[in-house]
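Visitor: Once you've had a glance at the structure underneath, I'll fire off some questions.
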Amino acid sequence: MLKKIMELSSKFFVALLLGLLVLSFSIWGVGDVFRSNVSDAVAIVGEQEISEGEFRQAMNREVDHMKQNFGDQLTPDVLKSLNIHKRIINQLVNDKLLSQEAQEIGLVFGDKPALQQIASVPQFRNEDGSFNAEAFHQFLRGQGHSEAGFIKMISDTTARQVLIDVVTNNAFVSEGLVKKIYEYENEKRKVSTVILPTNLISEIREPTTEEIADFYEKEKSKFSTMEYRDVSYLVLNSEAVDVEKEINEDSLKQSYQAHIRDYTTPEKRNLLNIIFESKEAADEAYQQIKSGKDFYGVAKDLANQDKAETALGYLAKEDLLPEISEKIFSLAKDEVSEPLESSFGWHVVKLLDIKPEQVEPIEKVKNELRQKLIVEKSEEIVYSLSAKLEDLLAAGSSLEEAANELGLKLNKTGMINSAGVLKERGELTKNMPRYSNFLSVAFATEEGQSSSLEQGEDGKSYFVLKVDEVIEPRTKALDEVKGNVISAWKQAKSRELLGGLAEGVVESLKASGDNVNIEEINKKIKAGNEETQKYSAKIAGEALLKNFDSLKRSPDENTTDYPASFFEEVFALKKGDASGYHEKVNKDLVVGKVIEIISANYKKDADGLGQIEQTLSYDASEDMWEQYLLYLRSKFPVKIIEEKITSE
């Protein structure tokens, strides 16, 4: 509803938005924004790229988070059905769009605002409110971040969030609109309903020969057999190839050397750190330590840091800020650094211990290497075989000949319909690959022909099929299905007669007053009409009266079986009017009469009015956000390389 009300032209929207941005960003300084310069991209956004590594990390984080909630239920098939890869790539694209827009309009945050945000986090503060560097570094180690990377991430995120807030916090919803929608949504009606049970007509006469023939001609499609196909197929996947014999000691060693970084733990150093706001204070501390004073004592006296707060633990070079990492990693054991400046302030660092780089020996990781090689080799062989198979089929080889040439197993589905159900047994065939497009390809291929080579959803497997035989659908002769035709005719005619009785109830309700007399209505139903007499209908039941003193516009626990069309019509009627008949979930028919219209009074429901306003404001914000993203996509072109994100 709101989107129909808020139809803003794109030019007006952009002009309004940019005005808000200029006003909101005038307080921020200008700086530089990092631009990605990776070459292997899954998406290109303006002048920036999203690397496979970025995408994979974001996917892994999301999947790990979902596993905490879903556990073993989060299977690969479930993940695929949720289209997580599309949601993740869109999030990353939006981040790049916002980063480039922030740079262009001069919205850039340096390290200082990010450091202030970090220092304000309760878990990074001591009891006296001072910054707890050790707690911060423990967090970084747990999350796998470096100081520099985390500070940059906070700065970029802050800039993006300011953009988001400016767009979404400036949505306007008028007070009059809020009141109108409150009145619309909270209006109630006093309604009397008459329900005609589906079994009200218990029996009708037998159809004549002419009626049977006419009904059969009109409903022929209901008495047709299904199309069935017998299909041969080849599948190329890791299960179809045997690569174990190709994995030997030499290939394991080559793979080990190629992935040596995966099995290497970098050199780490156990560090103590005292941090100061000024160089003068750091110099004083350094001189006292050099003169022989205890490191921990100086930390306590000059920086109010206790022993635990000075301990950074074992850190790799990449864990440190680049401006101080070189000097720290040039220290000898037990050496204390001269004061070092970073974005956090001034540091005096002591090196306690060195853990040299460690490389896991090949013997410990052989099983892991073997499994990786099996997967890699399988994919290589499958891809190679797919190319050979395609060439053989293009050269005129039959599917059987190609299977023999490549040493592949030719499978058969049996005679199946378009749902994969076997003709003879009426159950789903077990001899069919579980690719979502297999059946659609099978039923789009001509009899005696082979399909093209199709890729599986995983991007790493293939299938090709041949339709060996087709049993075309046919309409059964009347003599074959006469009993079914008679039953269907009786059911349809009984339904038609029930509708005729319901129309009579509609007329009775229109003529009645506020008090609906169900006894009078049932007398008229029992008497029947011209049509019920024509078909010798037996009326065995009675209509039921159900009154609602305050019917809501949408179903509640008392009306869950009423169709939406009933509410739409009833709330469009004037007082005293009656609706047409509607079909309930259980196939009963229902007719309603409006006895009274109960207007909503927003003055007595401040909370309800507030909820409406909040919902409308949120919807308006969402609309503005969607339009803003469309504007950014027109400004910074987006190209997503689908095959790369679906293969991750």
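The values are calculated or read from the model by the stated rules, or taken from the named source; none is laboratory data. This one's a predicted model, so the numbers in the text were calculated from it and none came from an experiment. No Cβ is skipped: glycine too gets one built from the backbone with ideal geometry, and neighbour counts run over all protein chains shown. Heavy atoms of the whole protein, side chains included, go into the accessibility calculation; ligands, DNA and RNA do not. Shrake-Rupley method; radii C 1.70, N 1.55, O 1.52, S 1.80 Å.
Visitor: So in the range 128-171, with the set limited to residues that are open to solvent by 60 Å² or more (accessible area, probe 1.4 Å) and of a type in the set (Lys, Arg), which one is modelled with the highest pLDDT?
Guide: Result: Lys152.
Visitor: Same structure again: Can you name every residue in the range 436-466 that is in contact (Cβ under 8 Å) with a residue 24 or more places away in the chain, closer than 14 Å to Thr413 by Cβ and under 32 Å from the mean Cα position of the chain (by Cα)?
Guide: Those that are in contact (Cβ under 8 Å) with a residue 24 or more places away in the chain, closer than 14 Å to Thr413 by Cβ and under 32 Å from the mean Cα position of the chain (by Cα): Phe438, Val441, Ala442, Phe443, Phe463, Val464.
Visitor: For the range 427-442, give me each residue that is in a loop (DSSP other than H, G, I, E, B) and among the aromatic types (Phe, Trp, Tyr).
Guide: Hit for the range 427-442 is Tyr435, nothing else.
Visitor: Testing Gln358 on (1) under 26 Å from Asn237 (Cα atoms); (2) among the polar types (S, T, N, Q); (3) open to solvent by 70 Å² or more (accessible area, probe 1.4 Å), one condition comes back false. Which one is that?
Guide: (1)
Visitor: Quick check on my filter: what residues within the range 420-431 are open to solvent by 60 Å² or more (accessible area, probe 1.4 Å) and either at pLDDT 95 or above or within 19 Å of Glu447 (Cα to Cα) (or both)?
Guide: Listed by number, the list holds a single entry, Lys423.
Visitor: With a cut-off of at least 3 residues that are within 30 Å of Tyr296 (Cα to Cα), name the strands (runs of 3 or more DSSP E) lying wholly within the range 332-426.
Guide: Passing ranges, in order: 340-342, 345-355.
Results for (1) in contact with a helix residue (DSSP H, G or I) (Cβ under 7 Å, 6 or more places away or on another chain); (2) at pLDDT 90 or above; (3) surrounded by fewer than 15 Cβ atoms within 10 Å (Cβ to Cβ); (4) not in a loop (DSSP other than H, G, I, E, B), shown as yes or no for each residue.
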| position | (1), (2), (3), (4) |
| --- | --- |
| Ala444 | no, yes, yes, no |
| Gly448 | no, yes, yes, no |
| Lys460 | yes, no, no, no |
| Phe463 | yes, yes, no, yes |
| Val467 | yes, yes, no, yes |
| Asp479 | no, yes, yes, yes |
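Visitor: Report yes if Val382 is in contact with a strand residue (DSSP E or B) (Cβ under 6 Å, 6 or more places away or on another chain), in contact (Cβ under 8 Å) with a residue 24 or more places away in the chain and among the β-branched types (Val, Ile, Thr), otherwise no.
Guide: yes
Visitor: Of all the helices (runs of 4 or more DSSP H) wholly in the range 271-320, which have at least 3 residues that are closer than 26 Å to Leu140 by Cα and touching a residue at least 60 places away in the same chain (Cβ under 8 Å)?
Guide: The helices (runs of 4 or more DSSP H) meeting that bar are 307-310.
Visitor: Does Lys523 count as farther than 20 Å from Arg495 by Cβ and touching a residue at least 40 places away in the same chain (Cβ under 8 Å)?
Guide: Considered against the rule, which asks whether it is farther than 20 Å from Arg495 by Cβ and touching a residue at least 40 places away in the same chain (Cβ under 8 Å), Lys523 comes out as no.
Visitor: If Leu351 passes every condition in (1) open to solvent by less than 90 Å² (accessible area, probe 1.4 Å); (2) closer than 21 Å to Glu239 by Cβ; (3) at pLDDT 90 or above but one, which one does it miss?
Guide: Checking Leu351 against (1) open to solvent by less than 90 Å² (accessible area, probe 1.4 Å); (2) closer than 21 Å to Glu239 by Cβ; (3) at pLDDT 90 or above, the one that fails is (2).
Visitor: If I go through the range 260-284 residue by residue, how many of them are small (Gly, Ala, Ser) and either surrounded by fewer than 16 Cβ atoms within 10 Å (Cβ to Cβ) or at pLDDT 95 or above (or both)?
Guide: The total comes to 1.
Visitor: Among the residues of the range 405-419, which ones are exposed (fewer than 13 other Cβ atoms within 10 Å of the Cβ) and not aliphatic (A, V, I, L, M)?
Guide: Glu405, Gly407, Lys409 - these are the residues of the range 405-419 that are exposed (fewer than 13 other Cβ atoms within 10 Å of the Cβ) and not aliphatic (A, V, I, L, M).
Visitor: Hey, another quick one. Identify, please: which residue in the range 203-259 is out of contact with any Pro (no Cβ under 8 Å at 6 or more places or on another chain) and of a type in the set (Gly, Ala, Ser) and is, among those, nearest to Phe443 (Cα to Cα)?
Guide: Once the filter is applied, the top-ranked residue is Ser232.
Visitor: What's the number of the only condition in (1) part of a strand (DSSP E or B); (2) modelled with pLDDT under 95 that Gly513 fails to meet?
Guide: Unmet condition: (1).
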